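Scroll down for the structure; my scribbles are underneath it.
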Amino acid sequence: MTSTATAPGPTAPAPGPPPPPPPDGRDRAGGRSGLLGLLDLPGQAVRAIIRSAATTPGRLTVIAVGLVLLALVAGLAATLSVQDRDDTITGVIDHREPLAAAAQQVYKSLSDADATAASAFLSIGTEPPELRSRYERDIAEAGAALAKAASDSSDVAGAAGPVDVLNQSLPVYTGLVETARANNRLGYPVGASYLREASELMRAKILPAAQDLYRVDTERLVEEQDSATGFPWLATILVLALLAALIVAQVYLTRRTNRLLNVGLVVATAAVVVSLLWGAVALVVQGSLVGSGQDDGSHRVDVLVRARIAALQARADETLTLVARGDGAAYEKDFGTNAAQLVGPDGQGGLLAEARGLIQDGDGAAKVADATKAAQDWMKAHKQVRDQDNAGAYQEAVDAAVLEDKTDGSAPAFRRLDDSLQAAIDVGRQEFLDDTHGGEAALTLLAPGLAVLAVVAAAGVTMGIRERLREYR
C-alpha cells in the first residue's frame, strides 16, 4: 500500500486588533464620526451649497431659497410689528387712559371732600344735608376711582407706593372728620382742631399721594402713545431688503435667460410693493391721528387737570382759613400760591392762560373761556371774603364763602369754575378717544394683509424660479 503525505500549508495569521481611527476623527469613508461629525454638519452644508452654486441650477435654487426665507421673515416681522402697535393703541384706549382718568378723579373727589367738610363745619346749627351728601358722595367716588386706578399698580413702577398711602390714610382721614363733626354738634371747640388735623393729613399725605398716582398713570399713558407712533425700523429694513433682492434676482435672470420678465418674480415684487405702500400709508395716518390725540386730547386734558387741582386746593385753603378763625395765615398764603398757579399773579396767566393757548376753537375753547370768567369772579369774591373777615364781620365772610345761593359769593363762582373745567376735560377726553380710535381704524386688516402678501411673494418666487429650473432638465 502506498500512502500519500500532504505537506502542510502556510498557517493563517492570528487576527490582530483593528487599526486605530485616523487622528483627525474621520471614518474610513473620509467623514467625521460621533460628536465631531455633528459639529461638522454646518460646514458640510456650507460646502455643499458652494458646490451647488457652481452650476446655474444650483445658483437658482440658492436664490429661490434665500428669497422665500427673506419674504417669510420680512412678512412675519411686519405682521408682528403692526399687531403690536394695534394692541398698544387698544390698550391706550381701553385701559391706560381710563386709569389716568380714574387717578384724576381720586384727586378731585378727595380735594372736594376736604373743602366740603370745611364748608359744612362753618355752617351754623344743623349741618346742611346737601353738604353732607356731597362729602359722602366724594368719599365714595374716591374709593371707587382708587380701586380702578390701583387695578394694575403691581405692574406699573411707582404706582404701588401712592396706592398704599391712600388705602392706609383715607380711613384715618374720614375718622378724624367724623370726630370733628361729633364734637362740633356738641359745641366743643376741639372739633375745629380735629378738622384741621384731618385737613393737614389730607394736604400733607393723601393729596400728594393722589397726585403722584395721577402723574405715574399719565406718564405711562404718554409712553404708550409714543410707543404707538414709533417707526418700525426692523420691519421696514427687511421689506426694503426683500424688494432690493427681488430686483437683483430679476436682473440676474434677465441676463442669464435673455427673457425680460419672470412672471413669478414680478408677482412677488408687486406683492412687496403693495405691502410697502399700504403699510406706509396706514402707519402715517395712524401715527398722525394718535399724535393728534396726544396733542389735542391727553396733553390738553393734563393742563386742565392741573388747573383743576390748583383750584380745588385753593378752595380748601379758602374755607380752612375761616375755620382757623384768625389763625389761618398759612392757609391764606397757600391760597395765593395756588391762585397764582391757576390764573397768574395778574389774573390773566397761569394754567388757564396755557389752556387758552392750546384750545382756541370748538366746545373746549368755550368751556375754557367760561372757566376763566368764573375764576375771575371767584378771585373778586375771595377778596370780599377776606376783607369782611379782616374787618371782624366773620359771619358775613362765612356766608359769602359757603352759601350757594349768594350770587356774588365765592361758592357759586368756584362751582362754575369747577363745572367748566370738568366740561373742558370731558371735551378733551372725547377728542383723544375720537383721534385714537381713528388711528386704530387705520390699521384695520393691515396685519393679516401683510401676512398674506408675504405668502404671495414667497409663492411667486417659488413658481418663478421653478419655471427656470425646468429648462435645465
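The values are calculated or read from the model by the stated rules, or taken from the named source; none is laboratory data. These numbers were taken from a predicted model, which means no experiment stands behind them. Methodologically, a virtual Cβ is constructed for each residue, glycine included, from the backbone with ideal geometry; neighbour enumeration extends over all protein chains shown.
Details
- Listed by first and then second residue, the pairs with beta-carbon distance under 9 Å, at least 6 apart or on different chains, first residue in region 166-188 and outside any helix (DSSP H, G or I), second surrounded by 12 or more Cβ atoms within 10 Å (Cβ to Cβ) and not charged (D, E, K, R), are Tyr188/Ala182.
- Asp363 surrounded by fewer than 23 Cβ atoms within 10 Å (Cβ to Cβ), in contact (Cβ under 8 Å) with a residue 24 or more places away in the chain, within 28 Å of Asp302 (Cβ to Cβ) and more than 31 Å from the chain's Cα centre (by Cα): no
- Cβ-Cβ contacts under 9 Å between residues 6 or more apart (or on different chains), taken from a first residue in region 420-445 that is assigned to a helix (DSSP H, G or I) and at pLDDT 90 or above to a second residue that is surrounded by fewer than 22 Cβ atoms within 10 Å (Cβ to Cβ) and basic (Lys, Arg), are listed as Ser420/Lys373.
- Total residues in region 171-184, condition under 17 Å from Ala118 (Cβ atoms), touching a helix residue (DSSP H, G or I) at 6+ places or on another chain (Cβ under 8 Å) and not hydroxyl-bearing (Ser, Thr, Tyr): 7
- In the condition set (1) free of Cβ contacts under 8 Å to residues at least 40 places away in the same chain; (2) touching a helix residue (DSSP H, G or I) at 6+ places or on another chain (Cβ under 9 Å); (3) basic (Lys, Arg); (4) more than 30 Å from Gln294 (Cα to Cα), Arg356 is compliant with all but (4).
- Checking region 311-326 against the condition returns no match, with no residue being in contact with a Gly (Cβ under 9 Å, 6 or more places away or on another chain) and on the phi > 0 side of the Ramachandran plot.
- Selection of helices (runs of 4 or more DSSP H) fully inside region 201-313 by the criterion of at least 2 residues being over 27 Å from the mean Cα position of the chain (by Cα) and modelled with pLDDT of 90 or more returns 233-257, 263-292.
- Leading residue by the ranking (surrounded by the fewest Cβ atoms within 10 Å (Cβ to Cβ)) among those in region 196-219 that are closer than 9 Å to Ala100 by Cα and not acidic (Asp, Glu): Arg215
- Qualifying residues in region 376-411 (those that are farther than 20 Å from Val323 by Cβ and modelled with pLDDT of 90 or more) - the one surrounded by the fewest Cβ atoms within 10 Å (Cβ to Cβ): Lys380
- Region 320-339 residues that are acidic (Asp, Glu), paired with ones that are at pLDDT 85 or above (beta carbon under 6 Å, 6 or more apart): Glu332/Thr321; Asp334/Asp317
- Residues satisfying the stated conditions in region 336-363, i.e. of a type in the set (S, T, N, Q) and modelled with pLDDT of 90 or more: Thr337, Asn338, Gln341
- Within region 244-266, tally of residues that are buried (at least 17 other Cβ atoms within 10 Å of the Cβ) and under 26 Å from Gly449 (Cα atoms): 7
- Every condition in (1) hydroxyl-bearing (Ser, Thr, Tyr); (2) surrounded by 14 or more Cβ atoms within 10 Å (Cβ to Cβ); (3) at pLDDT 85 or above is met by Ser133 except one, and the failing one is (2).
- Region 385-406 residues that are within 12 Å of Leu122 (Cβ to Cβ), paired with ones that are hydrophobic (A, V, I, L, M, F, W, C) and in a loop (DSSP other than H, G, I, E, B) (beta carbon under 9 Å, 6 or more apart): Gln395/Ile124; Ala397/Ala391; Val398/Ile124
- Region 316-349, subset among the charged types (D, E, K, R) and buried (at least 22 other Cβ atoms within 10 Å of the Cβ), residue farthest from Arg386 (Cα to Cα): Asp317
- Single unsatisfied condition, Gln168 versus (1) surrounded by fewer than 22 Cβ atoms within 10 Å (Cβ to Cβ); (2) among the polar types (S, T, N, Q); (3) modelled with pLDDT under 90: (3)
- Yes/no for Asp296 being farther than 30 Å from Ala71 by Cα and either touching a residue at least 40 places away in the same chain (Cβ under 8 Å) or aromatic (Phe, Trp, Tyr) (or both): yes
- In the set (1) over 22 Å from Glu396 (Cα atoms); (2) surrounded by fewer than 17 Cβ atoms within 10 Å (Cβ to Cβ), Leu352 fails one condition alone, (2).
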